[in-house]
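A short reminder: the numbers here are calculations on the coordinates, not readings from a lab. Keep in mind it's a predicted model, so treat the numbers as computed, not measured. Here the Cβ positions follow ideal geometry from the backbone for every residue, glycine too, while neighbour counts run over all protein chains shown.
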Ligand SMILES: Cc1ncc(C[n+]2csc(CCOP(=O)(O)OP(=O)(O)O)c2C)c(N)n1
């Protein structure tokens with residue numbers, strides 16, 4: 001009997017990749033897609049995988065592997081697909097040799113993203129077919145099906161997941177790996193060289209392929225009909241299918257495993273059999289708008305929201321008009337996100353705050369420099385944007401305007417897309433100051449390595465990109481490295497670099513506090529020496545609280561011994577009582 005195991009959605013996708021005979025995977029971390037690559041490591045004897053510096057590179061690596069004739073994949077979060085959009089639109093014309101699947105994880109409800117975009121919209125625009133599973137078992141099995149369809153129809157596929165699918169568990173039946181023989185490589189410039197004459201012909205070809213796929217979708221086992229009571233019929237897909245089954249156990253359901261292109265005949269037939277047709281899809285009305293455009297009457301976003309996650313109760317209330325008080329999932333007290341105790345970003349922001357500077361910010365743990373009491377970061381848009389935003393301000397308003405501005409970016413984000421922006425500053429005579437907060441990891445997404453950490457995804461040693469040398473090679477003359485906790489030197493350096501009439505880069509180098517597992521030094525606060533001035537509290541360390549009399553208490557279970565408070569105390573009221581190991 002086949003083994004059955006409980007797996008997270010992301011774990012099941014990794015297993016599906018292994019069983020499908022995937023040989024190459026490239027990814028850039030992004031919640032909720034990151035663990036797919038981390039689970040895939042266990043199959044490293046069979047699947048080569050890597051962290052790429054960004055999603056565009058990851059997608060192109062996968063395309064290259066596909067052209068060479070092997071099954072390949074790339075993984076990213078929804079906003080990562082924007083970074084990979086350039087190759088996406090063109091590989092759509094090229095098609096595949098070995099099967100090619102991009103896993104793209106959406107985040108309805110914005111658990112850890114800067115927007116709530118719907119990947120199905122991007123896929124439709126790029127004419128890429130999309131498969132969407134509803135549980136872990138489907139995550140594995142549909143993933144394998146995606147490769148078969150990719151090769152059968154010569155189309156790259158998107159495998160769309162959401163946070164709920166990625167991070168919930170279900171029973172999965174393990175199967176053997178299919179050892180796919182490599183497809184022969186045949187030189188074919190009409191298919192693989194996208195210059196206008198070739199692309200014109202390929203455009204015609206892919207329209208044809210997509211129509212064939214849409215026709216096949218009517219009978220594909222990925223799309224299933226469950227006929228029950230015909231008073232209510234629901235078209236749904238992905239995780240919302242689970243909510244439909246819970247809220248409306250007697251309804252008839254057309255469950256779509258392939259959400260682009262849609263099975264028009266199947267949908268029409270289903271719609272004819274039910275009295276009232278509902279379309280239940282999280283985020284955008286992608287299925288709904290198409291179905292309605294075919295003249296089929298359906299209820300969708302008229303009563304359901306385009307924001308956030310759905311739930312069974314939400315459907316009961318909207319469809320069955322049950323009087324339910326929908327409780328927000330966050331009944332727990334609201335806790336604003338904060339930097340960890342001992343985080344090196346905190347001392348950098350303390351200095352910037354002291355100097356009353358504004359920061360064009362970026363995406364990472366250090367985005368939290370936007371909130372009180374640090375309150376330094378004024379803008380955050382997308383990865384890599386800090387440096388170019390600062391540059392835009394200077395070009396709009398002149399050098400004087402940005403004298404109290406810096407750009408702030410993490411090491412992983414700098415390598416992702418910050419490099420190009422810095423190049424632009426040097427090229428276009430900018431004078432701004434950029435701080436690279438180098439904590440030697442991709443902290444925000446859970447400590448993934450990157451091109452400057454000296455370790456591969458598998459943890460093997462490799463060449464570490466030298467960030468200061470990289471900046472110098474691009475023509476930045478002022479490159480200074482400072483320990484993030486040396487606040488006196490950092491303050492002096494920031495002041496000096498802001499005065500310079502050319503681009504400066506300050507690299508604050510201190511590893512993420514969570515990377516160091518050794519025993520930490522311990523500090524205590526002496527109430528008798530404490531003058532209650534509050535200096536040590538300014539950076540907002542969560543390990544520090546005030547006693548009833550206004551003196552300071554350091555929570556020894558939270559203190560990581562960074563020593564920032566000791567440095568800030570002018571009265572020697574904070575003492576190191578135990579050295580670290
Ligand atoms: C295009 C895109 N890809 C991935 C992500 C997910 N993500 C958010 S921040 C981040 C990198 C954080 O690392 P780093 O810049 O080193 O800063 P740290 O969190 O370590 O302070 C990633 C991968 C994203 N938001 N956008």
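Volume of the convex hull of the stretch 269-325 (Cα atoms only), normalised per residue: 85 Å³. The ranking of 444, 121, 73 from fewest to most other beta carbons within 10 Å of each one's beta carbon is 121, 444, 73. So what does the Cα-only Debye profile of the stretch 252-368 read at q = 0.15 Å⁻¹, as log10 I(q)/I(0), no solvent term? Scattering profile of the stretch 252-368, log10 relative to I(0): -0.79.
Compute the Cα gyration tensor for the stretch 1-151, then decide on rounded, prolate or oblate, letting a ≥ b ≥ c be the square roots of its eigenvalues: rounded whenever a/c is under 1.5, prolate when a/b is larger than b/c in the other cases, and oblate in all that remain. Taking the square roots of the gyration eigenvalues as a ≥ b ≥ c, the stretch 1-151 is rounded. For the chain, the longest principal axis of the Cα atoms and the long axis of helix 344-354 meet at an angle of about 60 degrees. Using a/c under 1.5 as the rounded threshold, could you call the stretch 495-581 rounded, prolate or oblate? The axes a ≥ b ≥ c are square roots of the C-alpha gyration tensor eigenvalues, and prolate needs a/b larger than b/c, oblate otherwise. Judged from the Cα gyration tensor, the stretch 495-581 comes out oblate (a/c at least 1.5, b/c at or above a/b). Modelled label positions at residue 338 and residue 264, each set 7 Å beyond Cα in the direction of Cβ, lie 5.8 nm from each other. Beta-bridge orientation, the chain: approximately 25 percent antiparallel, per DSSP, counting only bridges with both partners inside. The helix-only estimate of mean residue ellipticity at 222 nm for the chain, built from DSSP H runs of length n ≥ 4 each weighted as -39500 (n - 2.57), is -9500 deg cm²/dmol after division by the residue total. With N as its number of residues, the stretch 187-226 has a Cα radius of gyration that, divided by 2.2 N^0.38 Å, comes to 1.66. Extending 7 Å from Cα along the Cβ direction at residue 548 and again at residue 463 yields two label points whose distance is 6.4 nm. If R0 is 51 Å, the Cβ-Cβ spacing of residue 371 and residue 3 corresponds to a FRET efficiency of close to 0.65. Which FRET efficiency value, to the nearest 0.05, is calculated for residue 176 and residue 212 with the Förster distance at 35 angstrom and r the Cβ-Cβ distance? My answer for the efficiency is 0.70.
Restricting the calculation to Cα atoms, the chain yields a radius of gyration followed by a Dmax of 26.7, 82 Å.
Our analysis of the stretch 125-277 gives Rg over Rh at 1.04, with the two radii drawn from alpha carbon positions and Rh computed by the Kirkwood formula.
I need the shape label for the stretch 356-414. Rule: rounded when a/c is under 1.5, else prolate if a/b > b/c, else oblate, with a, b, c from the alpha carbon gyration tensor. Oblate is the answer for the stretch 356-414, as a/c is 1.5 or above yet b/c matches or exceeds a/b. At residue 195 and residue 294, where each label point lies 7 Å from the Cα along Cα→Cβ, what is the point-to-point distance in nanometres? Roughly 4.1 nm, to one decimal.
Measuring r between the beta carbons of residue 481 and residue 312 and using R0 = 51 Å, the FRET efficiency lands at 0.40.
Listing 571, 159 from fewest to most neighbouring C-beta atoms within 10 Å gives 571, 159. Stokes-Einstein diffusion for the stretch 93-136, with the hydrodynamic radius set to the Kirkwood value over Cα pairs and evaluated at 25 °C in a medium of 0.890 mPa s, equals 196 µm²/s.
With neighbours defined as other Cβ atoms within 10 Å of a residue's Cβ, the residues 518, 168, 37 order from fewest to most as 518, 168, 37.
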